[in-house]
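Accompanying notes for the structure given below.
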Amino acid sequence: MIKSVLAVFFSFLFVFAPSVTSAEVVSGHVVKKKHLGAKTKKKAHAIKHRVTLKRDVSGKSSRKIAKSAKKHRHAQRVAFAPAALTAGDLAGLHMTHDPLALQSNVAFVIDQSNSQVLFEKNANVALPIASITKLMTSLIVVEARQDMNEVLEITSSDVDREKNSGSRLRVGTQLTRANMLHLALMSSENRAASALGRNYPGGLPAFVAAMNAKAKALGMNDTRYVDANGLSSQNVASARDLAKLVVAAQRHPIICQYSTDSKYVVDPGGHPLQYANTNRLVTNPGWDIGLQKTGYISEAGRCLVMQAKIEGRRVVMVFLDSKGKYSRLADASRVRKWLESQKSQA
């Protein structure tokens, strides 16, 4: 009886167990089953299953696999893609070192009361200024004494076809000129800035002409404007010029208020839209900021202009072509600490 049972058992093993001399091709590799442990067998089976699935499965599964592989390849390209060079980099400004190790290729800091230069780095080079342009846009609107209660409408002409940036203000949105100005300064709303320029007497060409005329009147000799929102890299200025613009704009309380508000809500009809300031320093209780404006396009890098009170002194700061999302703010903090240390040593 025992012999019969053993005979059946060994016959079962002989029939169903794989041959020790057999081999299997898995994903292009020959794997000898004789040398496979339990984990290795499981892995080989999984590889074989994936290969079979790619070959044989049609329809939705195949498309999903191809789509997943495409996304993976794209992610790899993005991860290893070199950063785009800015106009400042192309001019070699990144080779300039400074005692504060700023991440901005350009920096300029002055005492507003007497125009004394406190810190300077490549301040005379004209570079793209991105949305810092909107500070001049606001100055033209305010000094033209246009009706702030007039309702303006966003049209297809205000849609960004330069950088293809998005906007929460849809075509057909109607807001007062005051609200458009508020959003342009505080949240750098491109369509709002475009609408402001387009609704100037004579339209956008006349508005841009007024911007350039004002720059000339302020002695901004390295400055040139071609639009109202700063999306074009042809809007250029030097840091020295922008310091003059900050001083001129700071004389208007409405520009100071709108540019430094931390949040603002508009209701174009339907759902209210809440906006936040593009400069998080305005919510920092350690800062006393009287005016500010940020900017960014790839050619310009990260830009920032501010008027702030430091140790009782009104200071104008300009940072252009900074690398990293928050590096311009970090540079402002470095300069502030440096000025405070200079004050304590005096």
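The values are calculated or read from the model by the stated rules, or taken from the named source; none is laboratory data. Model, not experiment: these values are computed from the prediction. Don't worry about glycine lacking a Cβ; one is built from the backbone with ideal geometry, like all the others, and counts go over all protein chains shown. With ligands, DNA and RNA removed, areas are computed over all heavy atoms of the protein, side chains included. Shrake-Rupley method; radii C 1.70, N 1.55, O 1.52, S 1.80 Å.
Heavy atoms only, probe 1.4 Å: what % of the accessible area of segment 252-346 goes to carbon and sulfur, would you let me know?
Here it works out to 47 percent.
What does the charge dipole of segment 175-301 about its Cα centre add up to, to the nearest 20 debye, if the Cβ of each Lys and Arg holds +1 and the Cβ of each Asp and Glu holds -1? Please report the intermediate quantities before stating the final value.
Values: 12 positive and 8 negative charges, 53 e Å.
My answer is approximately 260 debye.
Based on the alpha carbons, how large is the Rg to Rh ratio for segment 118-172 when Rh follows Kirkwood?
A ratio of 1.09.
Within the set of other residues whose C-beta is less than 11 Å from the C-beta of residue 228, count the net charge using Lys and Arg as +1 and Asp and Glu as -1.
+1
Skipping prolines and chain starts, which residues have an amide H placed within reach, meaning under 5 Å, of the one on residue 301, given they are 5 or more residues away or on another chain?
Here nothing satisfies the definition.
Can you give the Rg to Rh ratio for segment 249-346, taking only C-alpha atoms and Rh from Kirkwood? Show your work: numbers first, answer last.
Working: Rg = 15.2 Å, Rh = 14.8 Å.
Answer for segment 249-346: 1.03.
Around residue 127, which amide H atoms from residues at least 5 apart in sequence, or from another chain, sit under 5 Å from its own amide H, with H modelled in the peptide plane?
When sequence neighbours closer than 5 places are left aside, the close amide H contacts are 237, 238.
Which cross-chain or sequence-distant (5 or more) residues have an amide H under 5 Å from the amide H of residue 290, H modelled 1.01 Å from N in plane?
HN-HN under 5 Å from residue 290: 307, 308, 309.
Hey, got the Cα dimensions of segment 159-242 along the principal axes, in Å, largest first?
Sorted from largest, the Cα extents of segment 159-242 read 38, 26, 21 Å.
I'd like the projected area of segment 92-197, averaged over all directions, using the convex hull of its alpha carbons. Report it in nm² with one decimal.
9.1
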